[in-house]
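This report refers to the structure that appears directly beneath it.
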Amino acid sequence: MERIDDRHLEEIRHFLRESRKELGKLVPLVRKHYRWEDLPEPKKTRVYAVDGSRMARRLSGAIIYAVSASAVGDDLYYWNDIGALFPYSNADDRIRVHMDTLEKRMGALVGEMSDLVLMDGTISGALIRPPSYANSTTNQLYERHGRTLLEASMDFLDALNLKWKEWKRELKKGVISGPSLLARGREGKSIFKILEEKGSRSIRGKIWWVVDAENLIVLFEYLEYLHALDRLLENEIASIAKTFYRSDVIGTVAEREKLKRVPIMVDTPVVASLTDKSGYLRFSSKVGKKEALAGLILDLMEHGFFENLREILVLDGRKIEGARIRPAYVRFADGGLIYLLEVPEKQDFEDTLAKILSVAEDEYVIPLEYAHHSVVIKKREFDAYVDAILSAIVGEDEAYLNFLRYGREPLE
């Protein structure tokens with residue numbers, strides 16, 4: 001192994017030395033304004049934990065990707081899908097949203113058979129930061145098609161509600177494997193054909209959608225994500241994030257103490273320095289950049305859709321000011337790591353935390369750990385599976401090869 005360069009070592013040492021000085025100033029101030037509280041007694045209940053994973057391979061004319069979600073509690077449930085997209089600029093975001101949709105949908109479905117659903121990551125992130133590409137696409141389409149698009153969107157959401165019953169039946173088998181986005185169509189039929197067959201007046205016999213078909217599919221994917229999120233919010237839920245970079249506590253202390261200079265630091269090392277004991281510290285989220293909610297989504301809410309989403313969001317006109325979420329930093333065991341816990345305001349915070357503690361052990365929550373290990377898509381297995389699919393497809397027709405070559409082939 002190459003010897004460590006002393007200059008690199010000194011650079012990191014200097015950074016940490018200066019950070020520790022700032023920490024020494026902040027910790028007493030945080031103790032002045034915040035209280036570290038003891039964990040409640042565990043409350044035995046039925047808890048499911050949900051996590052998701054994704055993997056992608058970029059080819060010359062397409063991106064082949066996999067998304068999966070698993071739920072671990074009394075039983076194990078698993079859902080996976082393989083998809084393909086043209087390599088447009090927003091392709092990576094659409095893949096991420098596809099995985100998020102699968103996670104939220106899985107959480108909503110197991111929520112119907114449990115007392116608490118634990119999600120990996122944050123609830124607030126899902127609520128207050130709409131995908132920028134989806135928002136801009138939605139606004140452009142709504143300006144162009146107006147009421148017709150609103151009616152088509154309502155028809156699509158009605159079709160999703162019917163599809164929900166089918167997914168619920170399939171999940172009882174334990175594993176769902178296959179197409180998971182209704183927006184992409186089914187069995188060779190486009191979503192527009194499906195809506196037409198279901199009697200959609202906005203689609204049947206009309207051609208307005210043809211020129212915008214691809215963008216409408218992107219919009220329907222976004223509606224599918226919001227539908228899953230809205231159904232998840234019907235249940236008692238909480239989220240636990242392992243990685244986060246927030247400065248809400250530091251920002252609040254700086255305001256109250258009227259500090260002239262706010263240290264550039266995140267909350268985690270400061271909170272961790274307060275005590276080594278297990279417990280939690282509740283705080284309020286600072287209002288960041290206000291995101292706008294697309295007009296179409298607001299109008300769908302006015303027509304009775306996304307009621308749970310509307311209830312939890314704090315809106316100022318079209319601007320998202322925040323979400324009705326109670327955040328807290330929590331440590332599950334003495335000397336353990338600090339995690340970010342989020343609980344909707346409509347739930348009792350301590351009662352929800354007590355339920356989480358019934359499935360916590362040492363530093364972490366066991367079902368979330370199992371969900372992570374069960375859902376992760378391993379690159380070697382994914383590559384082997386994709387190679388098998390591509391070989392089968394090219395074997396049928398070599399003309400597909402122009403889409404499926406790999407730019408790094410000569411280097412491997």
Test: residue in the range 167-175 that is open to solvent by less than 50 Å² (accessible area, probe 1.4 Å), under 22 Å from the mean Cα position of the chain (by Cα), modelled with pLDDT under 95 and of a type in the set (V, I, T): no
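Residue-wise test of (1) open to solvent by 60 Å² or more (accessible area, probe 1.4 Å); (2) in contact with a His (Cβ under 8 Å, 6 or more places away or on another chain); (3) modelled with pLDDT of 95 or more.
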| position | (1), (2), (3) |
| --- | --- |
| M1 | yes, no, no |
| D6 | yes, no, no |
| I12 | yes, no, no |
| L16 | yes, no, no |
| K43 | yes, no, yes |
| M55 | no, no, yes |
| L59 | no, no, no |
| A62 | no, no, no |
| A91 | no, no, no |
Residue check, R184 open to solvent by 30 Å² or more (accessible area, probe 1.4 Å) and either in contact (Cβ under 8 Å) with a residue 12 or more places away in the chain or under 24 Å from V314 (Cβ atoms) (or both): yes
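Does Y406 count as surrounded by 16 or more Cβ atoms within 10 Å (Cβ to Cβ) and either at pLDDT below 95 or within 22 Å of M55 (Cβ to Cβ) (or both)?
Judged against the criteria, Y406 is not a match.
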Extreme residue, farthest from L357 (Cα to Cα), among residues of the range 306-324 that are touching an Asp or Glu at 6+ places or on another chain (Cβ under 8 Å) and open to solvent by 20 Å² or more (accessible area, probe 1.4 Å): K319
Yes/no for D316 being among the charged types (D, E, K, R) and modelled with pLDDT under 95: yes
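So that you can scan it fast, the table gives a plain yes or no per residue for (1) of a type in the set (S, T, N, Q); (2) under 30 Å from A272 (Cβ atoms); (3) in contact with a His (Cβ under 9 Å, 6 or more places away or on another chain); (4) open to solvent by 10 Å² or more (accessible area, probe 1.4 Å):
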position	(1), (2), (3), (4)
S177	yes, no, no, yes
L195	no, no, no, no
E234	no, no, no, yes
S239	yes, yes, no, no
Residue, most open to solvent (accessible area, probe 1.4 Å), within the range 264-273, restricted to residues that are hydrophobic (A, V, I, L, M, F, W, C) and under 12 Å from Y329 (Cα atoms): A272
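The values are calculated or read from the model by the stated rules, or taken from the named source; none is laboratory data. For clarity, every value in this text was computed on a predicted model and none was experimentally measured. Ideal geometry is used to build each Cβ from the backbone, glycine not excepted, and the neighbour counts take in all protein chains shown. Ligands, DNA and RNA are excluded from the accessible area calculation, which covers all protein heavy atoms including side chains. Shrake-Rupley method; radii C 1.70, N 1.55, O 1.52, S 1.80 Å.
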